Amino acid sequence: MDKATLEPPRIEEIYARKHRIRVKTEAEIDGIRRAGRLVVATLEMVASRIAPGITTEAINTWVHEFTVASGAVPAPLNYRGYPKSVCVSVNEVICHGIPGPRALAAGDIVNVDVTSILEGFYADANRTFFVGEPGPEARKIVTVARECLTRGMQMVKPGNTIGDIGWAIQSHAESQGCSVVREFVGHGVGLEFHEPPQVPHFGRKGEGLVLIPGMVFTIEPMINLGRKELRILDDEWTAVTRDGSLSAQFEQTVLVTPEGCESLTPWDA
Ligand code: MF3
Ligand code: CO
Ligand code: CO
């Protein structure tokens with residue numbers, strides 16, 4: 001083989017072969033951005049209706065109907081056997097809460113995690129809401145979790161690593177006396193629900209894969225007021241804090257741009 005006539009592999013091809021990461025094209029990014037706008041609109045719709053007395057099943061109905069009416073498909077429904085169209089996680093529930101007859105009470109915190117498939121493209125985002133007036137513990141964990149997502153996103157730029165994101169999140173959470181869940185991580189997203197790479201919310205500076213433009217992934221730190229350990233309920237989905245402490249989460253789908261980071265699911269926290 002004549003080496004001189006071979007083009008060197010493009011970095012995108014190396015990421016695909018070596019890491020199974022699909023660096024997105026401009027057309028794909030536009031599609032994910034459109035799906036992201038729908039996810040944000042869905043979260044806004046939920047935010048405007050959340051109140052004491054509402055059941056988590058009602059939130060599922062709202063999200064399902066809004067998604068379908070928008071020409072999209074709720075990605076959670078029947079995903080690996082998940083039975084509902086959205087994850088709704090109250091208080092000590094870390095994530096993957098299954099909607100049901102539980103009614104929200106004033107003082108609760110509730111995370112609503114929406115993933116929609118629009119024209120084949122996936123976007124994934126979540127927010128934690130207050131139900132009525134929050135107490136001091138609720139206020140603290142929600143504030144710290146939101147700050148953790150912001151700090152993680154601030155690390156997103158070409159040349160930084162996945163470990164930089166985890167480090168920024170973990171160091172902030174722990175400086176506030178909170179802990180970071182290890183078992184669930186951020187993930188590539190866009191052409192499928194969960195793609196490589198994994199994006200841990202803990203880690204060391206400089207460790208892990210280098211970020212390159214066109215990568216699309218979620219950052220979704222789950223932050224506990226107490227200890228980091230979790231337990232899965234008998235429904236095989238619901239993750240709760242082992243010590244019963246409050247847990248909060250915020251998630252966005254982000255794009256690595258030549259300049260830094262663009263949220264494809266932008267919401268004002
Ligand atoms: N939306 C979750 C995430 O952020 C995944 C939920 S999986 C489901 O990755 F099956 F519970 F929907
Ligand atoms: Co996600
Ligand atoms: Co999600």
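Nothing in this text is a laboratory measurement; each read-out follows from the coordinates by a stated rule. Given the structure is predicted, the values throughout are model-derived calculations rather than measurements. Neighbour counts run over all protein chains shown; Cβ positions are idealised from the backbone, glycine included.
Observations, loosely collected:
- On Cα atoms only, tilt of 136-154 relative to the major axis of the chain in degrees: 10
- Pairwise centroid distance, computed over Cα atoms, of segment 6-79 with segment 241-269, Å: 13
- Under 5 Å from the amide H of PHE129 lie the amide H atoms of VAL110, ASN111, VAL112, each residue being 5 or more positions distant or on a separate chain, with H modelled from the backbone and absent for Pro and chain starts.
- Expected-Rg normalisation [2.2 N^0.38 Å, Cα atoms] applied to segment 179-239: 1.30
- Size descriptors for segment 159-269: radius of gyration and Dmax over Cα atoms are 14.6, 45 Å.
- Expressed per residue, the C-alpha convex hull volume of the chain stands at 133 Å³.
- Efficiency of FRET from Cβ geometry, ARG10 and ASP235, R₀ 35 Å, rounded to 0.05: 0.20
- Packing-based ranking, highest mean first, of 80-86, 38-44 given that Cβ atoms within 10 Å are counted: 38-44, 80-86
- Here is how the number arises for the chain: DSSP H runs of 4 or more residues each give -39500 (n - 2.57), the sum is divided by the residue count, and the result at 222 nm is -10000 deg cm²/dmol.
- Distant-in-sequence amide contacts of CYS95, defined by a placed amide H-H separation under 5 Å and a gap of 5 or more residues or a different chain, comprise ALA239.
- Two-site FRET efficiency, GLU259 against VAL210, from Cβ-Cβ distance with R₀ of 22 Å, rounded to 0.05: 0.85
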